[in-house]
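Working notes, beginning with the structure itself.
The values are calculated or read from the model by the stated rules, or taken from the named source; none is laboratory data. Keep in mind that this is a model prediction, so the values were computed, not measured. In this analysis, Cβ positions are derived from the backbone assuming ideal geometry, glycine residues included, and neighbour counts consider all displayed protein chains. In case anyone asks, the SASA skips ligands and DNA or RNA and just uses the protein heavy atoms, side chains included. Shrake-Rupley method; radii C 1.70, N 1.55, O 1.52, S 1.80 Å.
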Amino acid sequence: MLELQEIKAFLEDQSNLIIDLNISAKNMNRLFIDKYEFEGKIKEHGFFQHHIYQLKFISVIQLSKLFSPKKNEKRSFHRLCNKLETSEYGASLKELFESNQDKLTEEVKGKSEVVGLVVEVRSLLSSHNELINRVIALRDQVYAHIDKKSKTQYITMDEIEILVELANKVYNLIRLRIFFWQTRFEHIEDWSIDYVLLSMSENKKRDIEKIRLKKGLDL
């Protein structure tokens, strides 16, 4: 029996993956932009080159977990759709549907509407099938293990952002229709690397000013 708590736990785990994705994608994009005076020089340090690789690695792995149709992906959208479509519903879900009957909002009110939601989600996933398959191949053939016989797999930063936005959209569609609630995943200010770059640029500026001042005094 599929109960409400199981769906909540499933969505909570997916939410953690999607938060991670939004932070990684936005910070990766930020690292290709120079905003502050000494930022370009600072980002020449090997740490930042490696960090970009790490952010892409994280993005590919987490996207694969969400979008792969493989049965061993425990928190994929496909697995959630299968659960919603094929499971017998427990008392807590039936009570939710009953409480939604008189609402004028978009919450599902029975099995037929849940199936309609699943069809909508699968359509969204299918519309990005080629890109999703490339991400999964990149995870399987490059990041999970090196397959020397595989074809070269590549995904751009813009394509990663497309799939992150898709993950946001699909998750919020499901959560809206079941719980009438959404998450603004795109707001990542508390995890933005911009603060680090600003601080490092300002520190670099102060160090240079101190050196110039010291040289002036020495003269």
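What to note about this one:
- Among [x] 84, 49, 24; [y] 65, 41, 27; [z] 73, 43, 27, the entry that matches Cα extents along the principal axes in Å as calculated here: [x]
- Exposure rule at most 11 other beta-carbon atoms within 10 Å, DSSP loop GluC sites (Glu not before Pro): the chain longest free segment: 89-185
- Nearby lysines by direct alpha-carbon distance to Lys71 (threshold 21 angstrom, same-chain neighbours under 8 apart not counted): Lys8, Lys83
- When the charge dipole of the chain is built from unit charges on Cβ atoms (+1 for Lys and Arg, -1 for Asp and Glu) and taken about the Cα centre, the candidate among Ile211, Val119, Gln5 whose Cα reaches farthest toward its positive end is Ile211.
- Among Asp194, Asp13, Asp158, Asp102, the order of accessible area from largest down is Asp102, Asp158, Asp13, Asp194, computed with a 1.4 Å probe on protein heavy atoms.
- Estimated translational D of the stretch 1-113 in µm²/s (Stokes, Kirkwood radius over Cα pairs; 10 °C; 1.306 mPa s): 92 µm²/s
- The chain: DSSP helices with Cα axial extent of at least 24 Å and average Kyte-Doolittle hydropathy no lower than 0.0: 46-67, 157-179
- Relative contact order %, the chain, counting alpha carbon pairs below 8 Å whose residues are six or more apart: 32 percent
- Computed with a 1.4 Å probe over protein heavy atoms only, the accessible surface of the stretch 4-215 comes to 59 Å² per residue.
- With loop membership from DSSP and a limit of 11 other Cβ atoms within 10 Å, the longest segment of the chain without chymotrypsin sites (Phe, Trp or Tyr not before Pro) is 33-153.
- Per-pair calculated FRET efficiency, R0 = 25 Å: Ser127 and Lys103 via Cβ, rounded to 0.05: 0.30
- Total formal charge among the other residues, if their Cβ is under 15 angstrom from that of Leu104, Lys/Arg +1 and Asp/Glu -1: -1
- Cβ-placed point charges (K, R +1; D, E -1), dipole of the chain about Cα centre in debye, nearest 20: 820 debye
- Over 25 Å between alpha carbons, listed pairs Lys41/Lys169; Lys109/Lys169; Lys65/Lys94; Lys35/Lys214; Lys56/Lys204: Lys41/Lys169; Lys65/Lys94; Lys35/Lys214; Lys56/Lys204
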